[in-house]
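**Student:** Mind looking over this structure? Questions follow.
The values are calculated or read from the model by the stated rules, or taken from the named source; none is laboratory data. Keep in mind that what you see is a predicted model, and the values were worked out from it rather than measured. Ideal geometry is used to build each Cβ from the backbone, glycine not excepted, and the neighbour counts take in all protein chains shown. These area figures cover heavy atoms from the full protein model, side chains too; ligands, DNA and RNA do not enter into them. Shrake-Rupley method; radii C 1.70, N 1.55, O 1.52, S 1.80 Å.
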Amino acid sequence: MRCCPRHLLASLETVPVELLIGPVQARVQGHYAPRRASARELVIEAFESERYAALLGDLDQLALDPPLAPKAAAPARDVLPAAVHKAYRQVSRRMRRARQAPRGQVRDVALHEARKSARRARYAAEAAGPASGKPARKFAKQMKKVQSVLGDHQDTVIARQAARDLGISAYLAGENAFTYGLLHERELHQAERLQSRARTTWKKTSRPRHRKWMH
């Protein structure tokens, strides 16, 4: 989960004092504190588990004896561009699906899936960099921009859910929930701006000149 208390607290810093009604900062910090503690315990538990030890063993075995695909012996400069192009096509499909999705949760989920595909395409291009050179590295940088703006959008999705949960908790505690509604609305407008930026960024990234090296 990318969003953290710093995200909402940073948003609160730009809210006029007269609109900060109630112990908002304290409630935001209190909302995340048990989650951070729980996450830390889960990480420590995972590192101490037999499953993690088995994973390390499997990784060692994978490094010593990797399962090679049929094209493993072919020159990297001939094989990797096609793999990157396949990853690119998945991003393209998911970006198109997100653009056609109705506003709201359906589009948010579609953009999140597109972000994950953009990350895979970026990593694929970075892996192809040593063999394919500058074109692959430039494409990886472009895809990183797509991944970044979609990641920022996902932050707003998580922040809106947190603002809603905080507002409900505040209301049930007898506090005024106005500021949490304000935070939710601001994150919603930010999400719309980021969706527009994502479309512009993707339009630049998907230009044919960035993909010539893949063919």
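**Student:** Return the label of the correct value of Cα extents along the principal axes in Å, as calculated from the structure shown, out of (i) 101, 49, 35; (ii) 68, 46, 27; (iii) 76, 34, 34.
**Tutor:** Identified label for the calculated read-out: (ii).
**Student:** Right, something else. How much accessible surface area, in Å² rounded to 10, belongs to the heavy atoms of residue 196 with a 1.4 Å probe?
**Tutor:** About 50 Å², ignoring ligands and nucleic acids.
**Student:** First compute the accessible area of the chain with a 1.4 Å probe, then give the percent of it belonging to carbon and sulfur atoms.
**Tutor:** With neighbouring chains kept in place, the figure for the chain is 55 percent.
**Student:** What FRET efficiency would be calculated for the residue pair residue 92, residue 72, taking the C-beta separation as r and a Förster radius of 30 Å, to the nearest 0.05? It would help to have the intermediate numbers written out before the result.
**Tutor:** Values: r = 27 Å, r/R0 = 0.90.
For residue 92 and residue 72, the calculated efficiency is 0.65.
**Student:** With label points built 7 Å along Cα→Cβ from the Cα atoms of residue 40 and residue 172, find their separation and express it in nm.
**Tutor:** For the pair residue 40/residue 172, the computed spacing is 2.6 nm.
**Student:** Let me ask you something else. With each pseudo-label sitting 7 Å past Cα toward Cβ, what's the residue 212-residue 50 distance in nm, one decimal?
**Tutor:** 5.8 nm
**Student:** Output the peptides 111-122, 42-53 sorted from most to least packed, where packing is the average of other Cβ atoms within 10 Å over each peptide's residues.
**Tutor:** Ranking, from highest mean packing down: 111-122, 42-53.
**Student:** If you don't mind, there's one more thing I want to ask. Share of Cα-Cα pairs in segment 167-215 beyond 14 Å, in percent?
**Tutor:** 68 percent
**Student:** For segment 40-156, what is the Kirkwood hydrodynamic radius in Å, using each pair of distinct C-alpha atoms?
**Tutor:** Working: mean 1/r = 0.0599 Å⁻¹.
Its Kirkwood hydrodynamic radius stands at 16.7 Å.
**Student:** Let me ask you something else. Residues of segment 1-124: accessible area per residue at 1.4 Å, in Å²?
**Tutor:** 71 Å²
**Student:** With the cut-off at 1.5 for a/c, could you classify segment 1-88 from its C-alpha gyration tensor as rounded, prolate or oblate?
**Tutor:** oblate
**Student:** Compute the projected area of the convex hull of the Cα atoms of segment 103-211, averaged over all viewing directions, and report it in nm² to one decimal place.
**Tutor:** Mean orientational projected area (segment 103-211, Cα hull): 7.6 nm².
**Student:** Shifting gears a bit: Per DSSP H run of n ≥ 4, the term is -39500 (n - 2.57); total these for the chain, divide by its residue number, and report the mean residue ellipticity at 222 nm rounded to 500 deg cm²/dmol.
**Tutor:** On the way: 7 runs with 168 residues, N = 215.
Result for the chain: -27500 deg cm²/dmol, rounded to the nearest 500.
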